[in-house]
Amino acid sequence: IKPLLSRVSGVGQVLVLGDSVREVEVVVDSQKLLANHITLEQVEQAIRKANTVQAVGRLNKDYKQFMVLMSSELRNLDAVGNIVIPKEAPAQDSKSQETPTPTLYVRDIAKIFEGTQDRLMLITGDGNPSAQVNVSRQIGANIVELEQGVLEKLSELKQVLPPAIHIQ
């Protein structure tokens, strides 16, 4: 609903409250951290580095300016599990042969599963869990036209939403 309402002319922001927000949960096994001589901070840094969106430049075309983004966002659980955690090689004395440090993946030291963010707010409608959608207007937008546009879009949405979802 949020992306569709955001496209209505005059909409400045759409805020959805009370809904479940998907997140990937990584539960690290502390014994495996110890056995591999790595810290939780190293795991966190590896995940953060692998899951980024960066602005890398701007493109001017037809009197418009577009921001160019580079994304390495993680798309599924396997992608999270396949993140390599850099390990420091153990100290070697000059007489011993160097042994390569085995590659360590997030999946080797953690359980990875889909979850939802903790709910900090509970919104109900008619005694049932609900979501609240707040629409605010852009500066200078006509509030009457904005309301008409949002109501039209909601009317269209009612036709395609599952029967269990009600818009009031």
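Observations, loosely collected:
- Among the residues of the stretch 130-168, those that are outside any helix (DSSP H, G or I) and open to solvent by 100 Å² or more (accessible area, probe 1.4 Å) comprise Arg137, Ile139, Pro163, His166, Gln168.
- The listed residues are Asp93, Asp19, and the only one of them that is at pLDDT below 80, out of contact with any helix residue (DSSP H, G or I) (no Cβ under 8 Å at 6 or more places or on another chain) and closer than 30 Å to Val144 by Cα turns out to be Asp19.
The values are calculated or read from the model by the stated rules, or taken from the named source; none is laboratory data. Keep in mind that this is a model prediction, so the values were computed, not measured. Methodologically, a virtual Cβ is constructed for each residue, glycine included, from the backbone with ideal geometry; neighbour enumeration extends over all protein chains shown. Areas reflect the complete protein model, heavy atoms only, side chains present, ligands, DNA and RNA absent. Shrake-Rupley method; radii C 1.70, N 1.55, O 1.52, S 1.80 Å.
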